[in-house]
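**Q** Can you read through this structure? Questions will come right after.
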Amino acid sequence: MRSLSKRAELLQEWDGRVTTILEGNNEFVALLRDLPVPSNPEEEITLPIDEVSEGDRPLVAEGALFCWTIGYEYSPVGQLTRFSRIRFRRIPSLSRREMEWARREGERLAALFGAGEGGRSK
């Protein structure tokens with residue numbers, strides 16, 4: 001009996017963070033981190049909000065985290081379909097104010113405990 005499940009082949013996967021919403025253009029700017037090759041530098045890209053599923057569109061906001069996957073999907077009868085999926089994480093994102101506070105607090109603690117380069121003690 002032949003399996004009726006689909007199989008997928010991933011071509012690329014990134015973790016992303018929304019940096020700017022371009023209201024008039026229905027787009028957003030994001031920084032991407034290459035998951036297969038983490039040593040690659042971050043990339044800044046602009047994506048149309050239409051690429052995001054209806055259920056995730058309310059989650060598109062500055063600071064929001066998402067995963068973008070591109071690959072091939074094979075149907076049980078061998079049909080090949082290329083896909084691009086953007087999935088937003090359902091965890092609360094920090095506001096700019098909260099991120100700035102966390103950065104300042106980290107610097108304060110590093111100075112207090114004498115942490116040097118890379119957060120290691122001197």
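**Q** Identify all residues within segment 53-73 that are within 20 Å of ASP34 (Cβ to Cβ), β-branched (Val, Ile, Thr) and surrounded by 15 or more Cβ atoms within 10 Å (Cβ to Cβ); write none if there are none.
**A** The one that is within 20 Å of ASP34 (Cβ to Cβ), β-branched (Val, Ile, Thr) and surrounded by 15 or more Cβ atoms within 10 Å (Cβ to Cβ): THR69.
**Q** Hey, could you check segment 80-114 for residues that are closer than 26 Å to LEU47 by Cβ and among the aromatic types (Phe, Trp, Tyr) and say which is nearest to the chain's Cα centre (by Cα)?
**A** Checking each candidate, the answer is PHE88.
**Q** Are any residues in segment 1-17 part of a strand (DSSP E or B), basic (Lys, Arg) and either within 30 Å of SER75 (Cα to Cα) or more than 15 Å from the chain's Cα centre (by Cα) (or both), and if so, which ones?
**A** Filtering segment 1-17 for residues part of a strand (DSSP E or B) gives 7-17.
When the remaining residues are screened for being basic (Lys, Arg), the result is 7, 17.
Residue satisfying the conditions is ARG7 alone.
Quick note: the coordinates plus some simple rules give every number you see, no bench work behind them. In this text the structure is predicted, and so the values were computed from the model without any measurement. For neighbour counting, all protein chains shown are included, and Cβ atoms are generated from backbone atoms with ideal geometry for every residue, glycine included.
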